[in-house]
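> Here you go, one structure.
The values are calculated or read from the model by the stated rules, or taken from the named source; none is laboratory data. All values derive from a computational prediction rather than experimental measurement. We place every Cβ from the backbone using ideal geometry, glycine too, and count neighbours over all the protein chains shown. When the accessible area is computed, the model is the full protein with side chains, heavy atoms only, and any ligands, DNA or RNA have been set aside. Shrake-Rupley method; radii C 1.70, N 1.55, O 1.52, S 1.80 Å.
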Amino acid sequence: MTSNSQFFDELSDDYDVMINFENALKNKTSFFKNFLLTNYKTALDLGCGTAADSIALSKLGLQVDAIDHSKGMLQQALKNAEKFDANINFIESGLTAFSIKDKRYDFIVSLGNTIANINMQEVSGLMSKLYGILNFGGEVLFQIVNYAKLPESGIHILNVYENDEVSILRKYNINTNDIDFIIEKNDKKKKQVSQIITKLYPHSKSGFEKIATEIGFTCNFYGNFKKDNFVATNSPNLVVQLKKVK
């Protein structure tokens, strides 16, 4: 099994094709409007990947810092930011290892299942750190897969992307306490099949709620970015909105 940063380095060349980057950027720009307040000026994107969220926030008028631990992802993020004329400050760092000095944010996001890459003890430490760098009245937004609706064990197919040159299969091998996230790539031109694997942690609504309450956040939970109610047995995603109130 590759390290988490190596996993995303290897994935970086195919990532934008896999997520349909321009469509993702359009959707995120629309969805963020459901959460942003007019007085928000600064944003932090944790686990920015190739920068779809960062660029969307920049286009909506925020000053954006963006953090990722994958050199490959950041290289692609820089290209995307230049392409879409977005002024973003990119920082190479792990999700919990980053250091922010003398700076506060109005809006902090970590989307695309990023938070599932760290265990709940690390999540607790991260949430405490975010509370400290968040302005009063600001909010944190997490989005992960709704793991409550998945099978308890075994293989679960997420999706398949395919065109004339490549097919990319994403799937989970669900264990007792964690999940093997597996991506299989079939390069049709080279006739080569490759596989990369990393570990994920299936966090729950109750886990986030317990930590948030202890830290002092108020929290809301949604099943998607349209703010539909979260239903454990049905919602595709778990969207966690944490607010720092006076």
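> Within the chain, which is the longest segment that contains none of the GluC sites (Glu not before Pro) sitting in a DSSP loop with at most 12 other Cβ atoms within 10 Å? Intermediate values should be presented prior to the final figure.
Details: sites that count: GLU152, GLU165.
That would be 1-151.
> Please check: in the Gaussian network model of the chain (C-alpha springs, under 10 Å), which one of LEU130, LEU158, LEU78 has the largest mean-square fluctuation.
Maximum fluctuation in the GNM of the chain, among the listed residues, is at LEU158.
> Need the list of aspartates and glutamates near LYS171 for cross-linking: C-alpha distance under 12 angstrom, and skip anything on the same chain fewer than eight residues off.
Within the straight-line limit of under 12 Å, LYS171 reaches these aspartates and glutamates: ASP180, GLU184.
> Using a basic spin-label model with each label point 7 Å from the Cα along Cα→Cβ, how many nm lie between LEU78 and ASP187?
2.4 nm
> Oh, and also: How many percent of the accessible area of the chain is carbon or sulfur, using a 1.4 Å probe?
45 percent
> Across the stretch 175-239, what fraction of all alpha-carbon pairs, as a whole percent, falls in each successive 5 Å bin from zero upward?
Here the calculated profile for the stretch 175-239 is 4, 13, 15, 15, 16, 13, 9, 7, 5, 3, 1.
> Hand me the trypsin sites (Lys or Arg not before Pro) from the stretch 141-189 located in a DSSP loop with no more than 10 other Cβ atoms within 10 Å, in residue order please.
Here the sparse-neighbourhood loop sites are LYS189.
> With the contact rule set at Cα under 8 Å and sequence spacing of 6 or more, what percent relative contact order holds for the chain?
18 percent
> Using only Cα atoms, locate the centre of the stretch 172-221 and the centre of the stretch 130-144, then give the distance between them in Å, rounded to an integer.
If you average the Cα positions of each part, the centres end up 21 Å apart.
> Report the extension gain between LYS59 and LYS129 in nm, rounded to one decimal, defined as 0.36 nm multiplied by the number of residues separating them, less their alpha carbon distance.
On the way: separation 70, 0.36 × 70 = 25.20 nm, distance 2.65 nm.
Extending this stretch completely gives an extra 22.5 nm.
> When the convex hull of the C-alpha atoms of the chain is computed, what volume per residue in Å³ does it have? Provide the component values of the computation, followed by the final result.
Values: hull volume 30.7 nm³, N = 246.
Convex hull volume per residue, Cα atoms: 125 Å³.
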